[in-house]
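Trainee: There's a structure below that I have some questions on.
Read the figures in this text as sums done on the coordinates, not as results from a lab. This is a predicted model, so every value here is computed, not measured. Because the Cβ atoms are built from the backbone with ideal geometry, glycine has one as well, and the counts that use them run over all protein chains shown.
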Amino acid sequence: MEDTGVVRAAFKRAKKLDVVVALHEEDPKLNGILGLNEGVAKQHFGCGGARGVAEYSMVARDVMIAYEIGNKFHVQHLSKAESVKVVEFAQSLGAKVTAEVAPQHFSRTEDLLLVKGPNAKMNPPLRTEEDRLAVIEGLKSGVISIIATDHAPHHADEKNVADVTKAPSGMTGLETSLSLGLTHLVADGHLSLSQLLSKMTHNPAALYGFDAGYLAEGGPADIVIFAENEERVVTANFHSKAANSPFIDDTLKGVVKYTICDGEVVYEEK
């Protein structure tokens, strides 16, 4: 959303309607090739990548407009340490600002591109170790209240290109989201299991006003039953439309035993 005037007008309308505005934050005029962090892009691919300033400058603009207007504003899949600090600052002023991170951004860094190629190309891109640790701290402090998958399936033919700069950005996020959280947040001692599940279920449902994200008699019977400490090797046998994931062949914690949707068992581990 490049037009600042449009953003402000949308925020004013959103406040009147009491709805949330959620934005993917980046300034395309500050970016090079999307999906590649600026460091790895320059050092290994000889091109300009997705610059951190393209993200956190837009985050700064919009959280401050939200502070002025007083509307509910949600920052989607932030990935930079500076973005976390900017959101924290706006929250400290009383702005009605929330933020989310995708599992890939608290699990891996830009170096994964050198191993997994196009399947590790996503937007926003995998960043540095400093950024990875910063979003984890944001999750721990509560500045980041939601974990969202940024699920983006792509056909194998789209991703299977020799030149990673030509591949589309995006990864299949849903299949590994729970396991990445269990492995890199819960098992590593950053969040409790209940904190992880709140950020994946209750908090996003509450933000958008969905009747979901809780267990209660008479409530929606949408339930995942899983073994939190059981390990699995991720295979390409996904139930999503594609298996463009850089986490295939990784050993992760968390094995889903049952998935129940609207009271019906739609998946059972065999």
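Trainee: Return the sequence-ordered ³J(HN,Hα) values of the stretch 104-110 in whole Hz as given by the Karplus equation 6.51 cos²θ - 1.76 cosθ + 1.60 applied to θ = phi - 60°, using x for Gly and Pro.
Mentor: Going residue by residue, I get 4, 7, 9, 10, 9, 10, 4 Hz, with x marking Gly and Pro.
Trainee: Would you mind counting up the charge near H24? Only other residues with Cβ under 10 Å from its Cβ, with Lys and Arg at +1 and Asp and Glu at -1.
Mentor: -4
Trainee: Tell me, what is the percent relative contact order of the stretch 1-117, built from C-alpha pairs under 8 Å that lie six or more residues apart?
Mentor: Relative contact order for the stretch 1-117 comes out at 25 percent.
Trainee: Shifting gears a bit: On a full-extension model of 0.36 nm per residue, what is the gain between L193 and K140, subtracting their alpha-carbon distance, rounded to one decimal in nm?
Mentor: 17.8 nm
Trainee: Mind checking which of V63, V233, V87 has the largest fluctuation in a GNM of the chain, springs on alpha carbons under 10 Å?
Mentor: Per the Cα network of the chain with a 10 Å cutoff, V233 tops the list.
Trainee: Also, quick follow-up: Can you compute the charge dipole magnitude of the stretch 1-106 about its Cα centre, using +1 on each Lys and Arg Cβ and -1 on each Asp and Glu Cβ, nothing else charged? Give it in debye, rounded to the nearest 20.
Mentor: Details: 13 positive and 13 negative charges, 58 e Å.
So the dipole magnitude of the stretch 1-106 works out to roughly 280 debye.
Trainee: If contacts are Cα pairs under 8 angstrom and at least 6 residues apart, what is the relative contact order of the chain in percent?
Mentor: Answer for the chain is 15 percent.
Trainee: Spelling out what I want: for every residue of the stretch 71-88, take phi, set θ = phi - 60°, compute 6.51 cos²θ - 1.76 cosθ + 1.60 (Karplus), and round to whole Hz; glycine and proline get x.
Mentor: With coefficients 6.51, -1.76 and 1.60, one gets 8, 8, 10, 10, 8, 7, 5, 5, 9, 10, 4, 5, 5, 4, 5, 5, 4, 4 Hz.
Trainee: Given N residues in the stretch 141-241, what is Rg(Cα) / (2.2 N^0.38 Å)?
Mentor: Ratio of Cα Rg to 2.2 N^0.38 Å: 1.28.
Trainee: Tell me which residues come under 5 Å, amide H to amide H, from H151 once H is placed; ignore anything under 5 positions away on its chain.
Mentor: G173
Trainee: Let me ask something else. Show that you can apply the helix-only estimate: for the chain, add -39,500 (n - 2.57) for every DSSP H stretch of four or more residues, divide by all residues, and state [θ] at 222 nm to the nearest 500. Intermediate values should be presented prior to the final figure.
Mentor: Details: 11 runs with 97 residues, N = 270.
The helix contribution divided over the chain gives -10000 deg cm²/dmol.
Trainee: What ranking, highest mean first, results for peptides 168-179, 190-201 when packing means the other Cβ atoms within 10 Å averaged over each residue? Could you put the intermediate results ahead of the total?
Mentor: Values: 168-179: 22.1, 190-201: 17.4.
The densest-packed peptide leads the list: 168-179, 190-201.
Trainee: Continuing with this model, one more query. Which one, S79, S141, S245, has the greatest fluctuation when you compute a Gaussian network model over the chain with C-alpha springs under 10 angstrom?
Mentor: S141
Trainee: Further question on the same structure: In the structure shown, do any of K80/K121; K72/K257; K72/K241 have a Cα-Cα gap over 27 Å, and if so which?
Mentor: Details: K80/K121 16 Å; K72/K257 37 Å; K72/K241 33 Å.
Those over the limit are K72/K257; K72/K241.
Trainee: Mean separation of Cα pairs under 8 Å and 6+ residues apart, divided by the residue count of the stretch 78-228: what relative contact order is that in percent?
Mentor: So the answer I get is 22 percent.
Trainee: Separate question: Can you list residues from other chains, or at least 5 along the same chain, whose modelled amide H is less than 5 Å from the amide H of G170?
Mentor: K121, M122, N123
Trainee: Rounded to the nearest 20 Debye, what is the dipole magnitude of the stretch 178-268 about its Cα centre when Lys and Arg each give +1 and Asp and Glu each give -1 at the C-beta? Write out the running numbers ahead of the final one.
Mentor: Details: 5 positive and 12 negative charges, 47 e Å.
Result for the stretch 178-268 is approximately 220 debye, rounded to the nearest 20.
Trainee: List the equivalent ellipsoid semi-axes of the stretch 140-184 in whole Å, largest first, each obtained as the square root of 5λ for an eigenvalue λ of the Cα gyration tensor.
Mentor: In descending order, the three semi-axes are 28, 12, 9 Å.
Trainee: Right, something else. State the label only: which of (1) 13.4; (2) 14.9; (3) 20.4 corresponds to mean projected area of the Cα convex hull in nm² computed from the shown model?
Mentor: Checked against the structure: label (2).
Trainee: Okay, moving on. Can you list which of the GluC sites (Glu not before Pro) found in the stretch 193-270 are DSSP loop residues with at most 13 other C-beta atoms within 10 Å? List each step's numbers first, then the result.
Mentor: On the way: sites: E217, E228, E230, E231, E264, E268, E269; in loops: E217, E269.
Here the sparse-neighbourhood loop sites are E217, E269.
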